[in-house]
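Okay, structure first, notes after.
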Amino acid sequence: MASSNTERTPLLHSASSSTSSLSLTSSSVSNSTSDEHPDSPLLQPRTGIDKVNGDEETPLDSNVRETSTSTSVGKTILVLLIGGFISNADGSLLLATHPSIASEFNALADSSWLVTSFALATAATQPLYGKLSDIYGRKKLLLVAYTLFGLGCFLVGVGTSMWQVILGRVVSGAGASGMTTLVSILITDLVPLREVATWRSYINVAATTGRSIGGPLGGALADTVGWRWSFLGQVPLIGLAILLVYITLPETHPEVPEGPKESKLGRIDFLGATLMTLSLLCFLVPLEIGGGRVSWDHPLIFILLGSAFVFGAALLATEAWYAREPIFPIVLLKKKDTLLSFFIGGCQSAAQMGLMFAVPLYFQITSSTTLTAAGAHLVPSVVGNAVGGILSGYIIKRTGRYKALISFAAACSSSAYLLLIFRWHGHTNWLESMYIIPAGFGTGILQSALFVSLQAAIETKHVAVAASSLYLANNVGSIAGMAGCSVVIQEGLKRGLLTRLRSMGLGRKAVKKIIDHAAGDVQYIGRAKPAIAEAIVGSYIDALTWTHCLSLLCSGMGLIASFFLGQHKLH
């Protein structure tokens, strides 16, 4: 058999090439362990071989191998770029239009649910796509994800009430989670692990472009033809993407476990999936509503968090002792490198989301800029993210090293938060506004390198589940980061204003009224008296500085954790 160093396993065998092929092999990567773990059973070499119904492994047909050339891979990735672009443009479209949507239904106070419902649906369904794609095949699940996303956009566009629009966002979120997760899984199937980061960087560029274009486009459509066309206009594009995926991606042959044949439906771990969804929702909902809709000491917060713990414990017990094909294999939690990869990804996502949340608000407060102009200050970070992803892909492909890149990325991001803490105190010039570039650059590097780190540490059969779990960790980190920053800003603003306003000799009722106005409407600064406006600005700056401290803490924990990652050999 040819050396695995020179073989490349095709994505999935076509039906005509091998009727007996039942298992999906991963990239043609000879994945050996680091010197520290030479005998680890979970880190055996990945080779370009197929298991035929439990029989001895046989070499892949050479004609099939030859179809997975760079050209064919490029064509497939080009098709997948469409979904990455649309799903990310949709997020910024929503951020630009959600006030208009809610105002049409006289429900401006509920506009945050348009964002929250999407985020919760994404997080709740993210872990399911990996295992389901193992059972039903990547192509079928990707088509399902695209269909759900398109259906959700259509429901938003034709919604006649706020709850219908929110339902559409839930359906879209359930589809978007699969669109992002399955693309990375497909890339891992298509190419050697050493090249995964390079191809993923192209997806990252498409996503970055989508996020950059979506906001201005959504605002322009809302001002001209109406916000509904921001979502209805996506439906034909999704239809085109579905057609191209159907034509381009080969039919898949999902893995079939050894033993008695069983229906695909019977292989789904419904109990585990239900417990996982409930535990995630019970954990994430308090982060979304705490401090805003209900106070953090409200009994509902403790009930939900307690329920999350109970459901989580039941999930672990079910996956360890009951489920025949666990939706989340417990073995992933027994490996140091997988746990560290999840932890680092979550920490970095929390830190980056804190930055994305705080920067526009900072320039709105200190420069009295419009929301559009304030959001434009995020562009340097977004560009840095794309450049970092491309650069990390090139380095990993050339050197096969990723651990040092992860540590460098976390350190690079941490340096940005340090600069913001010490330098962003109002009157920030254009040069100082570039301090956020290292944060985006580090995040771009880390996202690509961390994905490779995770895949290098696991068995081939866990590739899909591990990938979806990493995306879940990132989503949970993002939601936690946003919730944390929101709490820090609200509490910091109240305490800062309380101190400043009392020193001005104002009474308790006047102080409370000013705090309520300042916390609920940033435009209040322009209507307040100069002395009060100055107190509000100063309090906001202090509170935002603490959000950067929180981001630094998250990024710093990721940096420390990166030192304990293993470096596995890539081919």
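The values are calculated or read from the model by the stated rules, or taken from the named source; none is laboratory data. Worth saying up front: this structure is predicted, and the values here are computed from it rather than measured. Note that we place each Cβ from the backbone using ideal geometry, even for glycine, and neighbour counts take in every protein chain shown.
Of all the residues that make up segment 502-529, how many are closer than 26 Å to VAL294 by Cα and in a helix (DSSP H, G or I)?
Result for segment 502-529: 15.
Just checking, does segment 428-450 include any residue being part of a loop (DSSP other than H, G, I, E, B), under 30 Å from LEU186 (Cβ atoms), touching a Lys or Arg at 6+ places or on another chain (Cβ under 9 Å) and touching a residue at least 40 places away in the same chain (Cβ under 8 Å)?
Initially, segment 428-450 is screened for residues part of a loop (DSSP other than H, G, I, E, B), giving 428-431.
Narrowing further to those that are under 30 Å from LEU186 (Cβ atoms): none.
No, segment 428-450 has no match at all.
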* **Conditions (1) part of a helix (DSSP H, G or I); (2) more than 26 Å from LEU305 (Cα to Cα); (3) under 32 Å from the mean Cα position of the chain (by Cα): number failed by GLU534** => (3)
* Asked: Going through segment 192-214 one residue at a time, which ones are closer than 16 Å to VAL79 by Cα and aliphatic (A, V, I, L, M)?
  -> ILE203, VAL205, ALA206, ALA207
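When you check GLU288 against the structure, is it among the acidic types (Asp, Glu), at pLDDT below 85 and either under 25 Å from the mean Cα position of the chain (by Cα) or part of a helix (DSSP H, G or I) (or both), yes or no? Before the answer, list the steps.
Working: among the acidic types (Asp, Glu): yes; at pLDDT below 85: yes; either under 25 Å from the mean Cα position of the chain (by Cα) or part of a helix (DSSP H, G or I) (or both): yes.
Yes: the conditions hold for GLU288.
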* Asked: What residue, of LEU497, LEU506, is in the same structural domain as SER349 (by TED's automatic domain parsing) and surrounded by 20 or more Cβ atoms within 10 Å (Cβ to Cβ)?
  -> LEU497
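Answer yes or no as to whether PHE408 is assigned by TED's automatic domain parsing to the domain that holds VAL522, part of a helix (DSSP H, G or I) and modelled with pLDDT under 90.
Details: assigned by TED's automatic domain parsing to the domain that holds VAL522: yes; part of a helix (DSSP H, G or I): yes; modelled with pLDDT under 90: no.
No: the conditions fail for PHE408.
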* Asked: If ILE327 satisfies every condition in (1) surrounded by fewer than 21 Cβ atoms within 10 Å (Cβ to Cβ); (2) at pLDDT below 80; (3) among the aliphatic types (A, V, I, L, M) but one, which is the exception?
  -> (1)
